[in-house]
Every structure is written in C-alpha cells, then in structure tokens.
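Structure record follows, encoded as structure tokens.
Here, each number is a calculation from the coordinates, and none is a lab measurement. Quick caveat, the model's predicted, so the values are computed rather than measured. Reconstructed Cβ throughout: ideal geometry from the backbone, glycine too, with neighbour counts over all protein chains shown.
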Amino acid sequence: MVGFGCLAVVLLGILLPRGDHSKGGQLTSTNQIAAGTPGSSSSSGDRFRSRHARSGITASAEEIVATKLSQFGRNRRDVMRGMAKRFKVEVRPDVERFFDAVEGGKWEEIEAAFKPMFEQRKAGTRDDLNNIWGPILEAYGVAESTHLWPAQKLLDYGNSILDSLRPGMIYVGGTDPGRFIPTFLNETSEGERHIILTQNAMADNTYLKYVDFLYGDNFGTLRDGDSQSAFQQYIADAQRRLKHDQDFPDEPKQIRPGGDVQNTDGRIQVSGQVAVMGINELLLQDFMNKNPDASFALEESFPLRSLYSNSVPLGPIMELRAQDAQNTFTSERAAQVVDYWRDVAQQLMFDADSPEGSAARKTYSKMVSSQANLMADHNFTGDAEQAYRLAAQLEPSSPEAAYGLANLLARGGRNEDAQRVISDFQRRNPEQNSANSSFSFGSSPKQSAAK
C-alpha cells in the first residue's frame with residue numbers, strides 16, 4: 001500500500017529511465033514532419049544543422065549529438081556540485097566518475113557507474129545521493145536517449161517539440177523521450193531556453209529541490225507541504241468514490257480503473273501507478289495555480305483528463321490553460337490536427353528506418369493518442385476516431401490507441417465495434433492481455449512501453 005512516506009519509493013520505478021522502448025528508434029526529418037503544425041508558433045527547421053552551415057562547419061548528426069552530450073554532462077556536473085554545496089553534501093568519487101563517463105560519451109561506462117548508485121539509493125544506503133539526485137538522473141536519462149536513438153532522429157524529435165513552444169512557455173514532459181530529449185537540446189542549443197519539468201516526479205521532494213535549485217527565482221515552486229496536501233486530497237476523493245461504489249453497487253463504478261483503493265479498519269489505503277499519477281496530476285494543477293500568468297505545454301505519459309477542458313493541440317503536444325479554449329478549439333482546428341498526424345503517419349510508415357516497434361513509431365503513436373483523448377473530451381468524436389486509428393496504424397502494439405478507440409466507440413453506443421477492437425488487439429498482442437485485464441469501457445488507456 002502507498003502511504004505518503006512511500007511515494008518517493010514508488011516513484012523510483014517511474015523515474016528510472018526505461019531502456020526497452022527506444023531501441024532502434026527512427027524518425028523522418030522534422031523539416032517535413034513539423035511543417036504546417038497546428039497551433040505552432042514557429043516554422044520548423046533543423047536549427048542545429050543550419051547553425052553549423054552558417055558558420056561553414058560541416059558536422060554529422062552523430063558529431064553534433066556527441067558534442068552536446070559532453071556539454072550537457074559538464075553542465076549537470078556543475079549543477080550537481082552547486083547543489084552539493086548548498087545542501088552540504090560530500091560528493092563521492094563514484095559520482096564524479098559517473099559525470100566523467102557522461103562527458104566522455106561512453107555508454108557502457110555511464111551505465112556501469114549509474115546502476116550501483118541507483119540500487120544503493122533505492123535500498124536506502126546512500127543518503128548522500130538524495131539532495132543531488134536530480135542532475136544525476138537527468139544526465140543518465142539524456143545519455144540513455146543518445147545511446148538508444150539514432151542521432152538525426154533524436155535531433156528531429158526534440159526539434160518537433162521545442163519548435164512548437166511559444167516564447168516563455170513552460171514545458172512539462174512525461175515520457176522518457178518527451179522529457180529527456182527536449183531537455184538535452186534545450187540546454188545545449190542557441191535560442192531561447194525554456195523551463196522544462198516533468199509531471200511524473202512532482203510528488204518526490206528530491207525532485208522539487210532540484211527544480212527549486214534550477215528555477216526557484218523564476219516562478220513559484222512546490223514545497224513538501226504541497227505534496228502532503230495533494231495526497232490528502234486524493235485520499236479524500238478516493239474515499240468518496242469507494243463509498244459511492246459500496247452504497248450504490250448497481251450504478252457505474254467511480255473508483256478509477258487500475259486504482260487499488262481499500263478501506264482497512266476505517267483507514268483508506270491506495271496503491272498503484274494510477275494513485276501516484278493522480279497525485280502528480282493534483283500537484284501539476286497546484287503548480288500552475290502558483291504561476292497564474294505562465295503558459296504551459298504538456299507531453300503526457302498518462303492521461304491527465306482534468307486538464308483537458310482548457311487545453312488545445314500545440315504541434316505534437318498540447319497547450320494547457322489556453323485562453324478561450326472552448327472557442328479556439330474549433331472543428332476546423334480538429335480537422336487540421338488529424339491532417340497533421342496523417343502526414344506524420346504516412347512519412348513514418350514509408351520510412352524504412354522507422355520500422356514497427358521503433359522508438360519513433362511508439363513515441364509518436366502515443367502523442368497521437370493523447371491528442372485523440374483531447375479531441376474526444378472536446379466532443380470532436382469523428383476526428384478523435386480517425387486519430388486513434390492513425391495511432392494504431394503507426395504502432396499496432398499501442399494500448400493507448402486500442403483502448404482509447406474502444407472507449408470512444410462504446411461511449412457512442414457502438415459496443416460491438418468496441419469489443420472487436422479490444423479482441424483484435426489482445427489477439428495480436430497476447431503479452432499485454434494480463435496488463436489490461438482490468439479494462440472496462442470508459443476507463444483510461446494503460447501506459448505503453450513508450451513511457
């Protein structure tokens with residue numbers, strides 16, 4: 001069971017970058033993909049190559065990424081040392097060796113240096129790592145991304161997100177690619193530097209210290225008490241939902257699918273990823289409330305449906321708290337979103353370097369499903385259905401696409417069609433059947449391997 005004191009432990013599993021989803025990932029050039037992006041404020045282009053071309057330097061994508069990784073490693077080592085000084089932490093030699101490996105770009109050494117620290121911290125035997133964990137984890141996540149993604153595809157993907165952001169926007173990335181790759185390019189490229197956060201760590205006080213160290217002078221940050229308040233709020237809501245389901249067993253269940261809520265001797269206990277992400281969702285809302293004048297962009301790892309009503313598509317991601325969202329998110333704009341993703345899907349599916357199961361297909365399929373969720377919430381049912389089907393074409397193993405489409409069809413009274421989608425998906429992806437066995441129509445789609 002997850003109590004407040006256990007949240008940081010549970011989050012370790014979420015925060016550790018997952019390596020299985022990105023191997024062999026490919027993506028066609030953003031010069032094509034991001035052209036005509038709905039809601040984008042800037043034209044696309046390979047900012048990295050154009051800068052080198054202007055200076056008369058010819059560099060391969062691999063050389064550019066390697067140089068940037070060394071630069072990023074130096075930057076995050078400096079951040080780590082600054083945090084160590086602030087929190088009076090003695091930096092041990094293994095931490096310095098890790099950053100040496102990052103700067104050197106040697107993946108085997110990076111992984112060998114990181115994993116013992118991770119295991120020791122997880123076991124609670126390395127308290128010295130807690131206050132400097134933010135820059136260590138971020139350096140590892142960036143290094144892993146550069147190892148798993150082909151260099152040009154990594155540049156293209158990060159560019160597609162950063163080029164969508166308007167000046168001054170705060171970007172919140174959830175998946176590993178969506179968090180680490182934009183951070184990597186944001187910190188090592190010319191042009192405006194955006195504030196980049198992740199919603200997945202907002203219940204972790206070590207991450208809050210990291211954010212405060214990096215950006216504390218720029219906005220109102222969350223504190224430990226905010227995490228406690230969000231936890232209590234989630235517990236109270238879970239208790240209300242559980243009581244409804246017990247008192248009215250014939251009515252639709254209100255406990256969120258995938259959420260484990262139990263009443264043990266009068267004490268409400270919650271567990272599982274749904275609970276952790278629900279608390280993170282409340283903390284993201286709290287953070288936005290602390291910064292009422294800031295604009296936010298989001299890349300989801302898990303559907304944050306409470307934010308959808310005031311959100312609109314922004315390139316491959318979405319803008320939160322958009323002004324006059326109900327009037328600006330029109331049927332014409334929804335159609336443009338579908339056209340955009342249709343072009344992306346066509347390019348990827350005809351790209352020999354982007355096979356089914358690649359990082360690009362998984363990552364972009366998840367993005368399409370996220371925007372399909374948003375369109376469904378705004379009652380653009382036909383456009384949402386097309387988007388879910390495009391997501392499934394991009395990556396047939398995507399549970400977000402399959403279960404999102406099934407939910408949409410069921411809500412429209414097309415129960416036979418919905419069941420057919422689920423049956424086909426489970427037949428083709430038997431390894432995912434147990435993970436999705438708790439699904440019921442109206443539920444949120446599960447997370448896929450592209451976390």
Inter-centroid distance (Cα atoms) of the stretch 348-381 relative to the stretch 289-346, Å: 15 Å
The long-range amide H neighbours of Leu197, using H built 1.01 Å from N in the peptide plane and a cut-off of under 5 Å, are Tyr171, Val172, Gly173
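Students often check this: by mean Cβ neighbours within 10 Å, which of 217-224, 248-255, 353-360 ranks highest, and how do the rest follow?
Details: 217-224: 13.9, 248-255: 10.8, 353-360: 20.1.
Going from most to least packed, we get 353-360, 217-224, 248-255.
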Just to check I understand the Karplus step: with θ = phi - 60° and J = 6.51 cos²θ - 1.76 cosθ + 1.60, what whole-Hz values come out for the stretch 357-369, glycine and proline as x? x, 6, 4, 4, 5, 5, 5, 6, 4, 5, 5, 4, 4
Please list, ordered by chain and number, the residues whose modelled amide H lies under 5 Å from the amide H of Phe296; skip anything fewer than 5 residues away on the same chain. Ile170, Leu320
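Pairs Lys106/Lys366; Lys85/Lys122; Lys253/Lys290; Lys153/Lys209; Lys122/Lys362: which are spaced more than 27 Å apart, C-alpha to C-alpha? Spell out each step's value before the answer.
Numbers: Lys106/Lys366 30 Å; Lys85/Lys122 23 Å; Lys253/Lys290 33 Å; Lys153/Lys209 32 Å; Lys122/Lys362 29 Å.
Long pairs (Cα-Cα over 27 Å): Lys106/Lys366; Lys253/Lys290; Lys153/Lys209; Lys122/Lys362.
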Taking Lys115 as the anchor, which aspartates and glutamates have their alpha carbon closer than 13 Å to its alpha carbon, excluding any fewer than eight residues away along the same chain? Asp94, Glu144
Starting from 0.36 nm per residue, how many nanometres of slack lie between Asp94 and Ala112 once their C-alpha separation is accounted for? 5.4 nm
